[in-house]
Number of protein chains: 4
Amino acid sequence: MTTIAFIGLGHMGLPMARNLLNAGFAVRVFDLVASAVHELASAGAHAASSAADAVSGASVVISMLPASQHVESLYLGDGGLLGSMAAGSLILECSTIAPESARKVHQAAANLGLAMLDAPVSGGTAGASAGTLTFMVGGDAAALEQARPILAAMGSNIFHAGADGAGQVAKVCNNQLLAVLMIGTAEAMALGVANGLEPKVLAEIMRQSSGGNWALEKYNPWPGLMPSAPASHEYRGGFMSELMAKDLGLAQQAAQSTGSSTPMGALALQLYRLLLKQGQGKQDFSAIQKLFVE
Amino acid sequence: MTTIAFIGLGHMGLPMARNLLNAGFAVRVFDLVASAVHELASAGAHAASSAADAVSGASVVISMLPASQHVESLYLGDGGLLGSMAAGSLILECSTIAPESARKVHQAAANLGLAMLDAPVSGGTAGASAGTLTFMVGGDAAALEQARPILAAMGSNIFHAGADGAGQVAKVCNNQLLAVLMIGTAEAMALGVANGLEPKVLAEIMRQSSGGNWALEKYNPWPGLMPSAPASHEYRGGFMSELMAKDLGLAQQAAQSTGSSTPMGALALQLYRLLLKQGQGKQDFSAIQKLFVE
Amino acid sequence: MTTIAFIGLGHMGLPMARNLLNAGFAVRVFDLVASAVHELASAGAHAASSAADAVSGASVVISMLPASQHVESLYLGDGGLLGSMAAGSLILECSTIAPESARKVHQAAANLGLAMLDAPVSGGTAGASAGTLTFMVGGDAAALEQARPILAAMGSNIFHAGADGAGQVAKVCNNQLLAVLMIGTAEAMALGVANGLEPKVLAEIMRQSSGGNWALEKYNPWPGLMPSAPASHEYRGGFMSELMAKDLGLAQQAAQSTGSSTPMGALALQLYRLLLKQGQGKQDFSAIQKLFVE
Amino acid sequence: MTTIAFIGLGHMGLPMARNLLNAGFAVRVFDLVASAVHELASAGAHAASSAADAVSGASVVISMLPASQHVESLYLGDGGLLGSMAAGSLILECSTIAPESARKVHQAAANLGLAMLDAPVSGGTAGASAGTLTFMVGGDAAALEQARPILAAMGSNIFHAGADGAGQVAKVCNNQLLAVLMIGTAEAMALGVANGLEPKVLAEIMRQSSGGNWALEKYNPWPGLMPSAPASHEYRGGFMSELMAKDLGLAQQAAQSTGSSTPMGALALQLYRLLLKQGQGKQDFSAIQKLFVE
């Protein structure tokens, strides 16, 4: 039976690890927050005392951490995990980080003969709990085939985006586009309502017309139109605005590295920062609607 | 049999009038361009010598004109059509114009006891030819029921957006959102490709993820990904950039009237104007992709 | 002695009319607000009972009104002032309005043999009181020479911007640029301070460097740096944000008429609308600083 | 006599080093481009064979390099210059780099007991040749007093911006503001001219009004208005657009580190990238005017 080390048990990592346990994998877990470790231990995981302890005896390492610096710090440098992993191990790095950080770890892993995939997710905490995440995977196709049963225990869509780092690139491109269409939808809703339209009617017309997009289908930012959307629950839950701002920052970092012009993406980041300044960082990212109504 | 006056036989009006003829309506047509009138006359229409001649004996008047001033000039003022229309007539004003212009005509028509609907369309010349246009209708529900068989001869989706002018509001909101998501898609494609992704792979990942939108479904702006899209035919055909700029201008005019803030919509207009300055006004609006690649 | 009719006695018009009285002109005043009329009457003006009464016997008419529609309504149409003005009269239209509205009045006046100048001002209520306004004048050079002694009683800078409407064009260009540099200054201040700089030091460095501009010289948006600036008085007084939003709207209207791309100007308008949505419309326009600090 | 090591002899470094020679300092120079070294050697400098050779015997080290990575690479890590500098030495780091990179070098230098100032410049190649650069200095006030005679040989304005890294922060804030006001000026010029104004008249009105700024004073982007400005010489010379894009990127990096919202600064970066995509990267940054005229 495959033994998996899982490092980083936050809002996303904890339910992901639980799904691995449910699927019958042996899982060794570690997080700086002891309560998360204990919660999984009572569900059958091995509670490791450190990241290094977690990887001991594991053939697969999964990490789910907040940002590039945590990932680089976990794997690289003196005392980094790479040095203590067994030959033939596989790393599934699921955090959303800068493509260049992912490539650094890829390179260092390759130098030691370790396989690695960057495999950031979308789908939020709901998808993590339900095991319906989308994985956008960068790295070797053979490694992806090896990882597929493990990813399938946590998600329902697995895309091979390309070579090392491509998963991260796909993720930031998708999330930049998501931010743009969410803001565009929020602006159109506010404009139409200010000009006398019923929000429900306008939303339905645009959804069925050329303005159709994911926000109108699944996640309308106008309160009360979709019972399950965060907008109908005072923008609680979902994907926090501060995390969207983080992803938009990664997109701008990628754009900087290639000199790409992304006027809409750059503006989206600035608008989310305005929202954060108003104290809405913990609210769902569809709360950008609030900027446009009185 | 209902006799319809059809005024304005351009790229959209001509195939719309032809579909009315095909559906068995008596149609009296007028346009300043004689060749368009002749073409429809040989298909069975009555070639009117003026707008006033066209409405003579007609119980329904359809107009499809370039801009607000043409519509106001057609119907209002001394010698405007309203004065010569029979009591009980119905006006279907299908041009894309400012909501406030539409409301002016509504008001003047109501003062004379004439019914009117503002009924702008989406679907482009292809939808006009195929009779699959979408109508976004503003005005009285009873008038819409009266108009429905006529609209059904030209389109396949008929939305009642609300009261007088609401059709125009829905149209500009939808098209502003369309411009935003088209530019957002073009930026994301260029960013991903510059960072090493295959365009086909990236487009498919975003289409199935939270970046999904009409452009990725039907009208990808990256050349070669969708055989039927204008992007795969050197951006010929489709919906011209200069018309998108016109609609974005109408959206800003609506935003001005209500003091609505639409940062993305305003930026979209400016970017289309940059594209027009580069001589691309006659190209399909997905040619905005060109701004973001070298 | 020249007799001047002065119509529109708001925050700007009232002190302007007072300066004309102080300079020895005979002034006939009218406003819908009776108290303003009485205040000037006690300073020696003739209190007219209507706009038509004001112009009776006057050879010069000055108007200072809120917006295009008021100006068009005052002069044009049935019962408009143009019909009751004496041959050889001169109109000084000092309101900030759309260039095309100004040109309409110019044309109608010319048809009746009346001279007209569009002469919008800058300098705010302080400049109006002190008689140090700047006039940006559009129209005939000979008419400007005739008007010069009158303008000189109210302002200290008189620019001949060009032909009919040119004064309004110069005004909206200048104010769009002013908004852009004010926001640019506010952003730079907030960015520098967030990164550890003393606001006073940063402002002085930029003022003496290539970032130097009118806001840094006269009107710093950071509180406490300039004792006389509105920023140091809780953004009271000065030029209200809602008036800046109005002028930016006129600039976009001018840009629409020529298809000009103004990304910064368009964004400035959207940001001021966000500020207005937050209830800051009556504050000085330098209050845009608040968007960028927590 | 103070001996100065000067590393980095590009368009800026070469004339700066020459001015030090002219002022009587002993200068040891190094650059990877041999011709630059030779040119200064014939003017009296010592031609060093490496950076390490240059600092040998020098009590002051000046560096003028393209970007953060070059500076970090020069000073830090194994074989970095810091290890071979004499106790009591002073570093004047004049490159424009990220504040955090500057702070890294500051920290490492402090750990070794070496004094350092970050001292980026403005004034361009013309200022470098004429010895009229502006220095924005971050670091210890005592070190600045020690450096002042040296800086005074190369520049005419010396600002103490604050603590370690503050010089870089002031530089990126200033240059972001400069970009914003240059684009704002270019937009206003294009808008006014499209609406019928004479460029010379409009520029003069705004220069004397509240739109006044450094671009209108010294560096008008409209061709032909200022004989000495790059705009009047086909945008040759001056400060290249690609360098402005670099500085705007540094500003966004600083904004990212503090979560600052800079909508205008972000848009300025995107517009410069559009200009670069059109092949104008080597032109003066006032060539942004070209985006807005046909």
inquiry  = What's the total number of residues in the range C:54-80 that are in contact with a strand residue (DSSP E or B) (Cβ under 7 Å, 6 or more places away or on another chain) and in contact (Cβ under 8 Å) with a residue 40 or more places away in the chain?
reply    = 10
task = Taking B:ALA194 as the residue in question, decide whether it is at pLDDT 95 or above and crowded, with 22+ Cβ neighbours inside 10 Å.
result = no
ask   = Where residues in the range C:271-294 are at negative phi and small (Gly, Ala, Ser), which of them is surrounded by the fewest Cβ atoms within 10 Å (Cβ to Cβ)?
value = C:GLY281
request  = Scan the range A:23-30 and give yes if some residue there is open to solvent by less than 20 Å² (accessible area, probe 1.4 Å) and in a loop (DSSP other than H, G, I, E, B), otherwise no.
outcome  = no
ask   = Residues of the range B:197-210 being open to solvent by less than 60 Å² (accessible area, probe 1.4 Å) and in contact (Cβ under 8 Å) with a residue 24 or more places away in the chain, which ones?
value = B:PRO199
ask   = Given the structure, is C:ALA86 open to solvent by 10 Å² or more (accessible area, probe 1.4 Å), hydrophobic (A, V, I, L, M, F, W, C) and modelled with pLDDT of 95 or more?
value = no
key: Scope the range A:153-166; condition open to solvent by 10 Å² or more (accessible area, probe 1.4 Å) and within 8 Å of chain B (Cβ to nearest Cβ); matching residues   = A:ASN157, A:PHE159, A:HIS160, A:GLY162, A:ALA163
remark   = The residue from C:ALA255, C:ALA268 that alone is among the small types (Gly, Ala, Ser), under 25 Å from C:GLY10 (Cβ atoms), more than 7 Å from chain B (Cβ to nearest Cβ) and open to solvent by less than 10 Å² (accessible area, probe 1.4 Å) is C:ALA268
message = Which count do you get for residues in the range D:211-235 that are closer than 19 Å to C:ALA179 by Cα and open to solvent by 30 Å² or more (accessible area, probe 1.4 Å)?
response = 2
inquiry  = List pairs: first residue in the range D:18-38 and under 14 Å from D:MET1 (Cβ atoms) and modelled with pLDDT of 95 or more, second residue of a type in the set (S, T, N, Q) and part of a loop (DSSP other than H, G, I, E, B) anywhere in the structure, Cβ distance under 6 angstrom, at least six positions apart or on different chains.
reply    = D:PHE25/D:THR2
ask   = Given the residues D:LYS282, D:LYS290, which is the only one that is over 29 Å from A:SER68 (Cα atoms), in a helix (DSSP H, G or I) and of a type in the set (D, E, K, R)?
value = D:LYS290
remark   = Residues of the range D:236-252 being among the small types (Gly, Ala, Ser), within 10 Å of another protein chain (Cβ to nearest Cβ) and more than 21 Å from A:ALA67 (Cβ to Cβ), in sequence order, are D:ALA245, D:ALA251
Unmet requirement for B:GLY238, which otherwise passes all of (1) part of a loop (DSSP other than H, G, I, E, B); (2) open to solvent by 10 Å² or more (accessible area, probe 1.4 Å); (3) modelled with pLDDT of 95 or more = (3)
task = Taking B:GLU187 as the residue in question, decide whether it is modelled with pLDDT of 95 or more, open to solvent by 20 Å² or more (accessible area, probe 1.4 Å) and either on the phi > 0 side of the Ramachandran plot or facing chain A (nearest Cβ under 8 Å) (or both).
result = no
message = Condition first: in contact (Cβ under 8 Å) with a residue 24 or more places away in the chain and touching a Lys or Arg at 6+ places or on another chain (Cβ under 9 Å). Now tell me which residues in the range B:252-272 satisfy that.
response = B:THR262
ask   = Can you name the number of the only condition in (1) more than 7 Å from chain B (Cβ to nearest Cβ); (2) touching a residue at least 60 places away in the same chain (Cβ under 8 Å); (3) over 16 Å from A:GLN289 (Cβ atoms) that A:VAL169 fails?
value = (1)
query = How about the range D:3-20: which of its residues are part of a loop (DSSP other than H, G, I, E, B) and closer than 20 Å to D:SER156 by Cβ?
reply = D:HIS11, D:MET12
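Residues are listed down the side, and each one gets a yes or a no for (1) facing chain D (nearest Cβ under 8 Å); (2) under 14 Å from D:ASN175 (Cα atoms); (3) touching a Lys or Arg at 6+ places or on another chain (Cβ under 9 Å):
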residue	(1), (2), (3)
C:CYS173	yes, no, no
C:GLN176	yes, no, no
C:GLY192	yes, yes, no
C:PRO199	no, no, no
C:SER210	yes, yes, yes
C:TRP214	yes, no, no
key: Tally of residues being within 14 Å of another protein chain (Cβ to nearest Cβ), under 30 Å from C:GLY77 (Cα atoms) and either surrounded by 17 or more Cβ atoms within 10 Å (Cβ to Cβ) or within 18 Å of the chain's Cα centre (by Cα) (or both) across the range C:111-147   = 11
remark   = Among A:ILE91, A:ILE150, A:ILE97, the single one that is surrounded by 14 or more Cβ atoms within 10 Å (Cβ to Cβ) and over 22 Å from A:VAL172 (Cα atoms) is A:ILE150
query = Does the range C:41-63 include one or more residues that are within 22 Å of C:ARG148 (Cα to Cα), part of a helix (DSSP H, G or I) and open to solvent by 60 Å² or more (accessible area, probe 1.4 Å)?
reply = no
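The values are calculated or read from the model by the stated rules, or taken from the named source; none is laboratory data. Remember, it's a predicted structure, so these values are computed and weren't measured experimentally. Counting neighbours? That spans all protein chains shown, and the Cβs are built from the backbone with ideal geometry, glycine included. Accessible surface areas use protein heavy atoms only, side chains included; no ligands, DNA or RNA. Shrake-Rupley method; radii C 1.70, N 1.55, O 1.52, S 1.80 Å.
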